Amino acid sequence: MPNKNFASLQQMVFVLLSLVVLASAGNVAAQSKEVLEGARKEGQLVFYSGIPIPDAQAILSALEKKYPFIKTTFYRATGPALVSRIQTEQRAGTHVWDVMNSTGFEPYVLLEQGYFAKYESSERKHFPEGHKDNDGMWATMYTTPMIVSYNSKLVSAADLPKDYADLLNLKWKGRLGMDSSDFEWYANLRKVWGTEKAQKFLDGLKKQDVRLVQKRALLTELLSGGEIAMLVNNFLQNAIEAKRKGSPVEFLALDPVVSAAGLVGINRLAPHPNAAKLFVDFVLSREGQELIVKTDRSSVRKDVAGNPLDLIKNVRIVPSDLSLGKNYVQIRDEYRDLLGVR
């Protein structure tokens, strides 16, 4: 008798769970229909980002092909310039952008000031912790691993550093290059290593006469041309692109690899909120992420083929903690002081 009652209880639980699943699926379908109808009426999408125009056009063209009733507009600006434009528009009461994408600590300012809308895209489940927030405000459109890169004509395999401390060996004096504004990378090393170790490392780099240049793209050109032997911290995508173009550039992943978040978020006051939701769903989907990796950027989805992130999967990868951006000024000033940046 007890076994019979237990079997009946199991059957009841199964039926209830099935009803919950069906109800959930029905809600998603209803929401999708509502979003589609809303986006069809809106007919437009405005995307703000710092990615190169050809990369943005590839994504937006694919979106327009999928949803022919949406006409897209792209505005490109990077870092502080993008944040400044968004803040200026908000103060003027002009609501233009629907979705924005950016890397670095700059988007954190917008998060703190309440610029983003909550949207729990169904695609967020494919993104692990550290690559999305807990409130549904953003997810990682792409991640940017920060690695060591070097000129293979100037650096032999036998001389490669085994860890960051090896970069302080005298043999590297005057041969290293670094971005003069790597504040996000430094802040995350500071969190992982502790303040004292991170400060000593930067102080050691200063004593190595590290060459400080603004922008990693320019540094990669200098590396390719043999003006610098090794970059302490480059973007993986820069090294891959340089190598594909025939430059003698190779890369090396040292523990830990800090990986910057190229977050994507929807404007709380978006003029086209439903089109914005379709964009976020698309760019976070497997289809959208496959377009992302074709630009040499990395995806944190596990089901995307040809992912550059797979090239460094045997080393610890630490997602950048965007909340460190609340101490941006302190981190920036400390970084500059330690390296002697004027």
Q. Within segment 133-150, is even one residue more than 21 Å from Ile292 (Cβ to Cβ), of a type in the set (A, V, I, L, M) and surrounded by 13 or more Cβ atoms within 10 Å (Cβ to Cβ)?
A. yes
Q: State which residue is nearest to Val258 (Cα to Cα) when the search covers only segment 176-232 and only residues that are basic (Lys, Arg) and surrounded by fewer than 19 Cβ atoms within 10 Å (Cβ to Cβ).
A: Lys191
Q.
Kindly evaluate Ala275 against the criterion of being open to solvent by less than 40 Å² (accessible area, probe 1.4 Å) and under 30 Å from Lys71 (Cβ atoms).
A. yes
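Out of curiosity, is Leu60 touching a residue at least 12 places away in the same chain (Cβ under 8 Å) and touching a helix residue (DSSP H, G or I) at 6+ places or on another chain (Cβ under 8 Å)?
So Leu60 does not fit the description; no.
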Q: Within segment 235-246, track down each residue that is buried (at least 22 other Cβ atoms within 10 Å of the Cβ) and within 19 Å of the chain's Cα centre (by Cα).
A: Phe235, Leu236, Asn238, Ala239
Q) From Val249, Val318, which residue is at pLDDT 95 or above, β-branched (Val, Ile, Thr) and buried (at least 19 other Cβ atoms within 10 Å of the Cβ)? A) Val249
Q) Yes or no: Glu42 modelled with pLDDT of 95 or more, crowded, with 17+ Cβ neighbours inside 10 Å, more than 29 Å from Ser298 (Cβ to Cβ) and out of contact with any strand residue (DSSP E or B) (no Cβ under 6 Å at 6 or more places or on another chain)? A) yes
Q: Return the total of residues in segment 59-89 being open to solvent by 50 Å² or more (accessible area, probe 1.4 Å) and assigned to a helix (DSSP H, G or I).
A: 9
Q: Could you please find all residues in segment 91-124 being free of Cβ contacts under 8 Å to residues at least 12 places away in the same chain and assigned to a helix (DSSP H, G or I)?
A: Arg91
Q.
Just to confirm my filter: which strands (runs of 3 or more DSSP E) fall fully inside segment 125-226 and include at least 3 residues that are modelled with pLDDT of 95 or more, hydroxyl-bearing (Ser, Thr, Tyr) and more than 19 Å from Leu324 (Cβ to Cβ)?
A. 139-151
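The values are calculated or read from the model by the stated rules, or taken from the named source; none is laboratory data. Note that the coordinates shown come from a computational prediction; the quantities given were computed from them, not determined experimentally. No Cβ is skipped: glycine too gets one built from the backbone with ideal geometry, and neighbour counts run over all protein chains shown. Note: accessible area is taken over every heavy atom of the protein model, side chains too, but ligands, DNA and RNA are not part of it. Shrake-Rupley method; radii C 1.70, N 1.55, O 1.52, S 1.80 Å.
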